[in-house]
1. Being more than 16 Å from Tyr38 (Cα to Cα) and either within 16 Å of ligand 1 (Cβ to nearest atom) or in contact (Cβ under 8 Å) with a residue 12 or more places away in the chain (or both) is the filter here, so list the residues in segment 479-511 that pass it.
2. So, in segment 518-547, of the ones that are surrounded by fewer than 23 Cβ atoms within 10 Å (Cβ to Cβ) and hydroxyl-bearing (Ser, Thr, Tyr), which residue ends up farthest from the chain's Cα centre (by Cα)?
3. Which condition number in (1) under 18 Å from Gly89 (Cα atoms); (2) among the charged types (D, E, K, R); (3) at pLDDT 95 or above is the one that Glu405 fails?
4. Of everything in segment 441-474, what is surrounded by fewer than 21 Cβ atoms within 10 Å (Cβ to Cβ) and in contact with a Gly (Cβ under 9 Å, 6 or more places away or on another chain)? Give them in sequence order.
5. Is there a residue being within 16 Å of ligand 1 (Cβ to nearest atom) and in contact (Cβ under 8 Å) with a residue 24 or more places away in the chain anywhere in segment 406-417?
6. Give me a count of the residues in segment 475-490 that are among the small types (Gly, Ala, Ser) and crowded, with 17+ Cβ neighbours inside 10 Å.
7. Answer yes or no: is there a residue in segment 467-488 that is assigned to a helix (DSSP H, G or I) and away from ligand 3 (no atom under 16 Å from the Cβ).
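The values are calculated or read from the model by the stated rules, or taken from the named source; none is laboratory data. This structure is a prediction, so every number in the text was calculated from the model and none was measured. Here the Cβ positions follow ideal geometry from the backbone for every residue, glycine too, while neighbour counts run over all protein chains shown.
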Amino acid sequence: MSSSGVSWKLEDHPKLPKGKTVAVVVLDGWGEANPDKYNCIHVAETPTMDSLKKGAPEKWRLVKAHGKAVGLPTEDDMGNSEVGHNALGAGRIYAQGAKLVDFALASGKIYEGEGFKYIKECFDKGTLHLIGLLSDGGVHSRLDQLQLLLKGASENCAKRIRVHILTDGRDVLDGTSVGFVETLENDLLKLQEKGVDAQIASGGGRMYVTMDRYENDWGVVKRGWDAQVLGEAPHKFRSAVEAVKKLREDPNVNDQYLPPFVIVDESGKPVGPILDGDAVVTFNFRADRMVMIAKALEYEDFDKFDRVRVPKIHYAGMLQYDGELKLPKHYLVDPPEIERTSGEYLVHNGIRTFACSETVKFGHVTFFWNGNRSGYFDASMEEYVEIPSDAGITFNVQPKMKALEIAEKARDAILSRKFDQVRVNLPNGDMVGHTGDIEATVVACKAADEAVKMILDAIEQVGGIYVVTADHGNAEDMVKRNKSGQPALDKNGNIQVLTSHTLQPVPIAIGGPGLMHGVRFRSDVPDGGLANVAATVMNLHAFIAPSDYEPTLIEVVDN
Ligand SMILES: O=C(O)[C@@H](CO)OP(=O)(O)O
Ligand SMILES: [Mn+2]
Ligand SMILES: [Mn+2]
């Protein structure tokens, strides 16, 4: 037992040998779907992934990556990187933010918690500001949760409420922002009828305003700060519906990239800057794209951009977004307590780990993998390398992204023999898939496949083992479909491009010269999901996973 009371020592696997280098490759947004022209993985040349598939069923299979298998409320919830990497790294299924917030709202417990009491202290004299993603995507936030929170806050005596919206188009179809804003305005109108002064105060597209992640581009957060806090933006409108409709008329603008706007009153004054004495809640439950704004709202010492004016506020996150940084200090709902992750166990058992991706996915293979925890478990055993992503572009312009650079770093780490586990995330299928640019996504998938090849070649050279898998679907289906699986046409008879993730399962493949003869996928875990991968990887490092981990996907047969 260690001082934390956890017994970190893993039992040795009775059959598998120690000392093999294991490459763990996560293809972001790479699901398995029917081969048709909207399946960019099928259309792309992907000889490496195709050859791995030939190993089915013993060396290649599918695993679940959406819904309950990754701790989401329902089977209609698509997978995403946070829940996917959490499951991959933690080896167990945790009720995730979406579900925890649902519980807290349904039971009313959210209003009894410390976080809500803290913001409530401002309701008498100040304004309650709600900042977050406005859609029913369920990846970062959900409209129905915002609606319940608005109702609950007003019942708890919030007299003045301002909502700062971020339009989506990434977890939901592009163009749906208009409908979501109409719905919200309608709700706010009803609150106004009850005597609550409630309005939308500002807005902007999620990828251009506020929701950057992993410090890729602070300019994004600054644009949000200017609109939300200072009440300053290049575009001013009297209503948010008008704002979104008008700004979308520019052919270069979509929901994800809507420019920032503020709502002004008849005299041209912004209706809802954030002022001293106000309360602020960021209502997204998902962490990665809230950490930067949380820092801007909470940190006294802050030098990422000039905040100009720093209001004295009571700020709470929907959840605490970073357990290690305790950020933010106040939050409405306790986050899932993801402990004893595979990364922490393996480090305690002498496994030297290298992890790498480019900025936009760097936290996925580190922060999410380690249970929403930043930093190293043991800096002497781990090395995390971040390759700077291109900033300020949409990735259909550079669909190869940094796949090659990531693969080169992984290759060098493998060949150096300084690491037992070399883990990467290859972002292409996902990041380019989200742009809805089908041609570019095909290029992206090819680039990811080439990166996989480079890593497998290095594993070949050192006699190692590889595990290649993905965190959820995206690039394998780029069109909205009707119930029978055919492309759903809009009223003009056009297909609707799907920018979001999917409900598809993802592949997992094992192999390499170090994989002992007789190791194969078991046939008795047909419903296996991403959470079963951690025990599998522990086995490949010649350990048995803790008994509360989801079962391993592999067995060793004597032949
Ligand atoms: O970009 C993101 O924030 C999400 C989609 O909302 O994608 P991923 O889960 O793959 O990071
Ligand atoms: Mn992902
Ligand atoms: Mn994604």
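1. Our first condition is that a residue be more than 16 Å from Tyr38 (Cα to Cα); within segment 479-511, this holds for 483, 490-493, 505-511.
Within segment 479-511, Pro505, Val506, Pro507, Ile508, Ala509, Ile510, Gly511 meet the criteria.
2. Of everything passing the filter in segment 518-547, Ser523 is farthest from the chain's Cα centre (by Cα).
3. (1)
4. Correct list: Glu460, Val462, Gly463.
5. Here is the first cut: in segment 406-417, the ones within 16 Å of ligand 1 (Cβ to nearest atom) are 406.
Checking the rest, the ones that are also in contact (Cβ under 8 Å) with a residue 24 or more places away in the chain come to 406.
Looking for residues that are within 16 Å of ligand 1 (Cβ to nearest atom) and in contact (Cβ under 8 Å) with a residue 24 or more places away in the chain, one finds at least one in segment 406-417, hence yes.
6. Start the filter on segment 475-490 by keeping residues that are among the small types (Gly, Ala, Ser), which leaves 475, 484-485, 488.
Narrowing further to those that are crowded, with 17+ Cβ neighbours inside 10 Å: 475.
Residues meeting the conditions: 1.
7. At the first step, the residues of segment 467-488 found to be assigned to a helix (DSSP H, G or I) are none.
No, because not a single residue in segment 467-488 is assigned to a helix (DSSP H, G or I) and away from ligand 3 (no atom under 16 Å from the Cβ).
Yes/no matrix, rows are residues, columns are (1) farther than 30 Å from Lys37 by Cβ; (2) more than 16 Å from ligand 2 (Cβ to nearest atom); (3) among the acidic types (Asp, Glu); (4) touching a strand residue (DSSP E or B) at 6+ places or on another chain (Cβ under 8 Å):
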| position | (1), (2), (3), (4) |
| --- | --- |
| Gly392 | yes, yes, no, no |
| Phe419 | yes, yes, no, yes |
| Met431 | no, no, no, no |
| Ile438 | no, yes, no, yes |
| Ile455 | no, yes, no, yes |
| Asp477 | no, no, yes, no |
